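We did not get these values from a lab; they are worked out from the coordinates using the rules stated. Computed from a predicted structure; not experimentally measured. Methodologically, a virtual Cβ is constructed for each residue, glycine included, from the backbone with ideal geometry; neighbour enumeration extends over all protein chains shown.
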DNA sequence: AGTTTAGATGATTTAAACTCATCTACAAGT
DNA sequence: ACTTGTAGATGAGTTTAAATCATCTAAACT
């Protein structure tokens, strides 16, 4: 296999391809960032190795010979094929494309996007949410779901829940006055609900004076709590950054584990350097 | 166009393609006549330029990554395409394939085949006759036909006719005894007949004592004349070599021009070096 | 006719590609 | 478990292919 083509240089073929496509050595030279001399050498080398004239030289004007046309067609097709694959691969190597829930995107991914790109200047990060073309190659989906559904190896963060309030607000008196608590009821019925009952029990509360207001995304509950100086029962992952930046605070309550987790389906199948770096980074960040 | 692939070397891609196809750097090295070191360098260079791992390294065993598989597919396809075109072109450059009538082949082409290959050691000559795949690219047809049908530029030899006999035979006495003359009646009715009448007139003969025996190919008439020590009325082109080698002789008769010629349809369209050399050679040989 | 432009050609320089020597890690045989 | 052999990685050194520079030619356009 590949017996004959070993005798000709691929760079010469590339030079020929470009010159053939553009009908000019000069333009080919520009395209390939070379001098016209290099193109001329390449092509005459090619012609003598193949024992064929590829161009008619009519003084300073050139045109393809019949053989030249044939060869140009094949080389153009061949290089185009290689090139587009290369393009795809390079893009995959220099960027990560992540898709996830709007809550996770808004509260975790987007705020730390800059930090990631700072730490990995050669990788650009694209974030998308919603029903995007999910299983398209090279897009990393970060799903929120039932730990029992996800493969163990795919889990990047097991969720705990707790109650948070806006920074500076007085700790609520859990037993006396009526309390409004924002929480989440997933649109997707098959997801385990937020473990509010377990949390109440763990913290020795009966919850009779708590009035729940439910949103279908945690994000909204958190925003509402911040807007109204209220309380929200949400996952520690989403609240973490707001706690750090003193926009939310935590009280003397203890968090409870849930059956929910963030996971990346077939995590191990992402093999590009950028994907691996991203996955390592986000797993470390979430669990640190 | 071709923006991205400029950053990677085609030789590295070739090394990758081979290693991917064979699953081994060592085998790739053998295929490309390189050292395994060169392959290793090429591939790691490629990987770092693309920012992707193309092979899993499990100790001394390697296997393609998902990205590697994709790229290998495209590069293999691309190179295969280029390679087969190259193969075709090289073959066209190093050989001429000629198809012609059996008479011309037997009397002119085949006898001088060796001489041509001697003079052009890098070109091999293939001769075929009959209803071969005529207009296939790169095959040169030498046709025998009406000068008024052929393009002027395509004609390589205008035919003259004369009478020849075997070497050493006594000159025939044209006017007295009955004479047997071999001549040709083409199967193809649209071809101009051999100009026997014109020849008789030019040589001041009336032909009343001449008995014609007709074959449908000149070749047969010539052979028959030689076998029977007889006379043949045939084209000067076909008899030339036999005259030179003293197998036939010519008498005091004068040759006449005919409306027949040998020509190569679209002669100018044959552009490979081998074809051009062949055409120059045969035209020179026929007209010298 | 003079000027400009595209390409050819040959000598020289530069940089990419290849090899050599050395090292590591696995696999197979004892 | 301890050799031995094999495949590949790595870094330094060498070679050769590929690019440039300088010069020249021929056509095209003022």
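Relative to the longest principal axis of the C-alpha atoms of chain A, give the angle of the C-alpha long axis of helix A:218-228, reported between 0 and 90° and rounded to the nearest 10°.
Around 60 degrees separate the two axes.
For the protein assembly as shown, what is the mean residue ellipticity at 222 nm derived from helices alone (per DSSP H run of n ≥ 4: -39500 (n - 2.57); sum divided by total residues; nearest 500 deg cm²/dmol)?
Working: 18 runs with 232 residues, N = 576.
Per the formula, -12500 deg cm²/dmol.
Quick one: helix B:66-94 against the long Cα principal axis of chain B, what's the angle to the nearest 10°, folded into 0 to 90?
So the helix axis and the longest Cα principal axis differ by about 20 degrees.
Where is the GNM fluctuation largest for chain A (alpha-carbon springs, 10 angstrom cutoff): A:192, A:121, A:36?
It is A:36.
Where does each of B:76, B:33 land when they are ranked from fewest to most other beta-carbon atoms within 10 angstrom?
Working: B:76 17, B:33 8.
Ordered from fewest to most neighbouring Cβ atoms within 10 Å, B:76, B:33 come out as B:33, B:76.
Between 0 and 90 degrees, rounded to the nearest ten: what's the tilt of helix A:36-50 against the longest Cα principal axis of chain A?
Helix A:36-50 and the main axis of chain A meet at about 70 degrees.
Name the residue, out of B:235, B:128, B:18, whose mean-square fluctuation peaks in a Gaussian network model built on chain B with Cα pairs under 10 Å.
Comparing B:235, B:128, B:18 in the GNM, the peak value goes to B:18.
With the contact rule set at Cα under 8 Å and sequence spacing of 6 or more, what percent relative contact order holds for region A:4-87?
Working: 79 pairs, mean separation 24.3, N = 84.
RCO, region A:4-87: 29 percent.
Residue A:177 to residue A:102: FRET efficiency via 1/(1 + (r/R0)^6), r the Cβ-Cβ distance, R0 41 Å, to the nearest 0.05? Numbers along the way, then the final one.
Details: r = 33 Å, r/R0 = 0.81.
Plugging the Cβ-Cβ distance into 1/(1 + (r/R0)^6) gives 0.80.
Once each part is reduced to its C-alpha centroid, what is the distance from region B:161-235 to region B:39-65 in angstrom?
If you average the Cα positions of each part, the centres end up 78 Å apart.
Just need the relative contact order of region A:50-118 here, percent rounded to a whole number, with Cα pairs under 8 Å and 6+ apart. Before the final figure, lay out the partial values.
Numbers: 20 pairs, mean separation 10.7, N = 69.
Once normalised by length, the contact order is 16 percent.
List the pair-distance distribution P(r) of region A:77-205, using every Cα-Cα distance, as the percent of pairs falling in each 10 Å bin from 0 up to the bin containing the longest distance, rounded to whole percents.
Binned Cα distances yield the sequence 9, 27, 28, 20, 10, 4, 2, 0.
For region A:130-288, treating each Cα as an identical point scatterer without solvent, what Debye log10 I(q)/I(0) comes out at q = 0.16 1/Å?
The calculated log intensity ratios at q = 0.16 Å⁻¹ are -0.95.
Could you please tell me the mean projected area of the C-alpha convex hull for region B:144-229, averaged over all directions and given in square nanometres to one decimal? Kindly include the intermediate steps, with their values, before the conclusion.
Details: hull surface 26.7 nm².
The number I arrive at for region B:144-229 is 6.7 nm².
Let me confirm one metric for peptide B:58-67, namely the mean number of other chain beta-carbon atoms within 10 Å of its residues' beta-carbons. Kindly include the intermediate steps, with their values, before the conclusion.
Working: counts 0, 0, 0, 0, 0, 0, 1, 3, 7, 12.
Shielding by partners across B:58-67 averages 2.
Could you give the spread of the C-alpha atoms of the protein assembly as shown along their three principal axes, from largest to smallest, in whole angstroms?
151, 45, 45
For peptide A:27-35, compute the average count of partner chain beta-carbon atoms within 10 Å of each residue's beta-carbon. Numbers along the way, then the final one.
Details: counts 0, 0, 0, 0, 4, 2, 1, 0, 0.
If you average over the peptide's residues, the count of other-chain Cβ atoms is 1.
Take every residue in peptide B:142-150, count the Cβ atoms of other chains within 10 Å of its Cβ, and give the average of those counts. Don't skip to the end; give the middle numbers.
Working: counts 0, 0, 0, 0, 0, 0, 0, 0, 0.
Mean partner shielding for this stretch: 0.
Over region B:101-287, what is the relative contact order in whole percent, taking alpha-carbon pairs under 8 Å and six or more residues apart?
Working: 286 pairs, mean separation 68.4, N = 187.
Dividing the mean separation by the residue count of region B:101-287 yields 37 percent.
How are the Cα pair distances of region B:192-255 distributed, in percent, across 10 Å bins from 0?
Pair shares across the bins are 18, 55, 26, 0.
With only alpha-carbon atoms counted, please give the Rg and Dmax of region A:226-288, in Å.
Just the Cα atoms of region A:226-288 yield Rg and Dmax of 15.5, 45 Å.
For chain A, report the translational diffusion coefficient in µm²/s to the nearest whole number, using Stokes-Einstein at 4 °C, 1.567 mPa s, and a Kirkwood Rh over Cα pairs.
Details: Rh = 23.6 Å.
Stokes-Einstein gives a translational diffusion coefficient of 55 µm²/s.
Report, largest value first, the span of the C-alpha coordinates of region A:4-87 along each principal axis, in whole Å.
Largest first, region A:4-87 extends 39, 29, 19 Å along its Cα principal axes.
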